[in-house]
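Engineer: First, the structure itself, so that you have it in front of you.
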Amino acid sequence: AAAEVVRSQGAVAAAEAFVAQRTLVSPFDGTVAWVAIVPGEHASPGLPLIRIGDPSAWTFETTDLGAAGVARVAVGDPATVTVDDIDGIAIPAVVREVALYGDERQGDIAFRVILEPAGPVPPEIRWNTILTIAIDPAMPAAAEASPAPGS
């Protein structure tokens, strides 16, 4: 009987390992936003199967800021994010990251900028939505002027 228990425990462990190898697990809690596979279908390595987002940790990203614009943008600059297809939504944001290296895009160099919201994100916003991002670059502090002689 003891040998049968050990054999059964081994079978259970093998079955659990089999299931674990075929189970998708997210590295974080979130909401499933897109599924590209059905149960029983074989997955191809390297292709996305499921997209998961965390609605409590929004960020906004642009990858088309040119060299002239990126030179004026810094981490901490305020910005406003609007949704192209929904009137009346303006989300205040702050620049969190500015790429140091640009990518070539259509004969130009474009830089990636990541912003985080400075307030709540309305529930109408969806992942992969087309947005307009307006960054208000911080103006350099005006140099202190010395009074002119005789003033």
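Engineer: Let me cross-check residue 18: its accessible surface, 1.4 Å probe, with only protein heavy atoms counted, in Å² to the nearest 10?
Structural biologist: Near enough 110 Å² of accessible area.
Engineer: Next question, about the same structure. Can you give the FRET efficiency to the nearest 0.05 for residue 94 and residue 56, using r as the Cβ-Cβ distance and R₀ = 22 Å?
Structural biologist: Working: r = 17 Å, r/R0 = 0.77.
E between residue 94 and residue 56, to the nearest 0.05, is 0.80.
Engineer: Between residue 114 and residue 49, what's the calculated FRET efficiency when r is the beta-carbon distance and R0 is 35 Å? Round to 0.05. Intermediate values should be presented prior to the final figure.
Structural biologist: Working: r = 25 Å, r/R0 = 0.71.
That pair, residue 114 with residue 49, gives E of 0.90.
Engineer: Please work out the FRET efficiency for the pair residue 28 and residue 134, using the Cβ-Cβ distance as r and a Förster radius of 22 Å; give the result to the nearest 0.05.
Structural biologist: Working: r = 30 Å, r/R0 = 1.35.
Once rounded, the FRET efficiency stands at 0.15.
Engineer: To the nearest 500 deg cm²/dmol, what mean residue ellipticity at 222 nm is calculated for the chain from DSSP H runs of n ≥ 4 alone, each contributing -39,500 (n - 2.57), summed and divided by the residues? Working shown, then result.
Structural biologist: Values: 2 runs with 24 residues, N = 151.
So the calculated ellipticity at 222 nm is -5000 deg cm²/dmol.
Engineer: Another one. What is the angle, in °, between the Cα long axis of helix 2-21 and the longest principal axis of the Cα atoms in the chain? Nearest 10 is fine, range 0 to 90.
Structural biologist: The angle comes out near 30 degrees.
Engineer: Given labels modelled 7 Å from the Cα in the Cβ direction, how far is it in nm from residue 18 to residue 106?
Structural biologist: Label-label distance for residue 18 and residue 106, simple model: 5.3 nm.
Engineer: Quick one: Karplus J couplings for the range 82-90, per residue in order, coefficients 6.51, -1.76, 1.60, θ = phi - 60°, nearest Hz, x for Gly and Pro?
Structural biologist: Per residue, the Karplus-derived 3J(HN,Hα) values read 10, 9, 4, 9, 10, 6, x, 9, 9 Hz.
Engineer: For a quick check of understanding: with a 1.4 angstrom probe and all protein chains in place, what accessible area in square angstrom does residue 115 have, to the nearest ten?
Structural biologist: Counting only protein heavy atoms, residue 115 exposes about 0 Å² to solvent.
Engineer: On to the next question. Rounded, prolate or oblate for the chain? Axes are the square roots of the Cα gyration tensor eigenvalues, ordered a ≥ b ≥ c, and the cut-off for rounded is a/c under 1.5.
Structural biologist: On the way: a/c = 3.00, a/b = 2.76, b/c = 1.09.
Verdict is prolate for the chain.
Engineer: Only Cα pairs within less than 10 Å get springs; with that Gaussian network setup on the chain, which residue of 120, 39, 78 has the largest fluctuation?
Structural biologist: It is 39.
Engineer: I would also like to ask the following. Set Lys and Arg Cβ to +1 and Asp and Glu Cβ to -1, take the dipole of the range 1-84 about its Cα centre, and tell me which of 42, 66, 82 lies farthest positive.
Structural biologist: 42
The values are calculated or read from the model by the stated rules, or taken from the named source; none is laboratory data. A quick note: this is a predicted structure, and the numbers were derived from the prediction, not measured. Cβ: placed from backbone, ideal geometry, glycine included. Neighbour counts: every protein chain shown. Heavy atoms of the whole protein, side chains included, go into the accessibility calculation; ligands, DNA and RNA do not. Shrake-Rupley method; radii C 1.70, N 1.55, O 1.52, S 1.80 Å.
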